[in-house]
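Worksheet for the structure shown next.
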Amino acid sequence: MSLLPVTLYGDKILRHKAKKVEKLDIELITLIKNMFDTMYNADGIGLAANQVGSPKSVFVVDISPVKEYSKFEPMVFINPLIIESSEETIGYEEGCLSIPDVRAEVIRPKRVKVKFLSSDLKEQILEADDLLARVIQHEYDHLQGIYFTDKISEEEQKKLKKDLNKIKNRKTKVDYPVSEKGIY
Ligand code: ZN
């Protein structure tokens, strides 16, 4: 098992747009394995590559720890593209391994259709709703350099500013390995 340090709010890579994956090689396979290890160790249900310091367009999801989804099989999304979003939206409280101890309700489309490559680089199309749609959109946003806290009202953002600065300055206690300030 290899744990990678999780990048935190303020790390530049979390504002970068991810780079398209061109080939399946040992580097990519290792990255994906390590992303799962890192996500499980931190009790996360989704993780994007820039959250472990990689610029690749990849995220992993496993929502099986959530009661109603216990049958869910872990999924890898490579070069994902959301091709449809429902008009119907829904609010849900989100958190993020890169923004520890901060939660806020985010309104997002209830359903999405996403095109992506699976871990064998075969093209897939998935229609997702509710929690899965939520996690896919959250991780997809990471690959565009967007935090969930960008999606809340300015007023709410102001309230979180202090906490976000604490995270940026590594003043928040986190019980999984995190990046050193300034490395990413
Ligand atoms: Zn996140």
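The values are calculated or read from the model by the stated rules, or taken from the named source; none is laboratory data. None of these values were measured; they are calculated from a predicted model. For neighbour counting, all protein chains shown are included, and Cβ atoms are generated from backbone atoms with ideal geometry for every residue, glycine included. For accessibility, only protein heavy atoms count, side chains too; no ligands or nucleic acids. Shrake-Rupley method; radii C 1.70, N 1.55, O 1.52, S 1.80 Å.
Being under 20 Å from GLN124 (Cα atoms), modelled with pLDDT of 95 or more and in a strand (DSSP E or B) holds for only one residue in ILE82, ILE29, ILE90, ILE63, and it is ILE82. Among the residues of segment 61-68, are any closer than 20 Å to ILE13 by Cα, free of Cβ contacts under 8 Å to residues at least 60 places away in the same chain and surrounded by fewer than 19 Cβ atoms within 10 Å (Cβ to Cβ)? No, every residue in segment 61-68 fails to be closer than 20 Å to ILE13 by Cα, free of Cβ contacts under 8 Å to residues at least 60 places away in the same chain and surrounded by fewer than 19 Cβ atoms within 10 Å (Cβ to Cβ).
Total residues in segment 6-18 satisfying the condition of being in a helix (DSSP H, G or I) and surrounded by fewer than 17 Cβ atoms within 10 Å (Cβ to Cβ): the figure is 2. Listed by first and then second residue, the pairs with beta-carbon distance under 7 Å, at least 6 apart or on different chains, first residue in segment 1-16 and farther than 14 Å from VAL174 by Cα, second modelled with pLDDT under 95, are ASP11/TYR184; LYS12/TYR184; ILE13/TYR184.
Is it the case that some residue within segment 19-34 is within 15 Å of the ligand (Cβ to nearest atom) and surrounded by 15 or more Cβ atoms within 10 Å (Cβ to Cβ)? Outline the logic, then answer.
Of segment 19-34, the ones within 15 Å of the ligand (Cβ to nearest atom) are none.
There is no residue in segment 19-34 that is within 15 Å of the ligand (Cβ to nearest atom) and surrounded by 15 or more Cβ atoms within 10 Å (Cβ to Cβ).
Of the residues contained in segment 149-162, one or more are found to be within 20 Å of GLY44 (Cβ to Cβ), among the charged types (D, E, K, R) and part of a helix (DSSP H, G or I). In segment 80-109, the residues that are free of Cβ contacts under 8 Å to residues at least 60 places away in the same chain and acidic (Asp, Glu) reach residues that are part of a loop (DSSP other than H, G, I, E, B) and open to solvent by less than 20 Å² (accessible area, probe 1.4 Å) with C-beta atoms within less than 8 angstrom, at least six apart or across chains, in these pairs: GLU105/ILE152. Of all residues in segment 93-132, those that are of a type in the set (Asp, Glu) and part of a loop (DSSP other than H, G, I, E, B) total 2. I'm checking my understanding of the structure. Among residues of segment 94-114 that are open to solvent by less than 20 Å² (accessible area, probe 1.4 Å), out of contact with any Lys or Arg (no Cβ under 6 Å at 6 or more places or on another chain) and among the aliphatic types (A, V, I, L, M), which one is nearest to the ligand (Cβ to nearest atom)? If we take residues in segment 94-114 being open to solvent by less than 20 Å² (accessible area, probe 1.4 Å), out of contact with any Lys or Arg (no Cβ under 6 Å at 6 or more places or on another chain) and among the aliphatic types (A, V, I, L, M), then ILE99 is nearest to the ligand (Cβ to nearest atom). Here LEU3 fulfils each of the conditions (1) more than 15 Å from the ligand (Cβ to nearest atom); (2) in contact with a helix residue (DSSP H, G or I) (Cβ under 6 Å, 6 or more places away or on another chain); (3) over 19 Å from ILE136 (Cβ atoms); (4) outside any loop (DSSP other than H, G, I, E, B) apart from (4). Here the condition is being open to solvent by less than 60 Å² (accessible area, probe 1.4 Å), under 30 Å from LYS23 (Cβ atoms) and at pLDDT below 95; of LEU121, LEU117, it holds for LEU121 alone.
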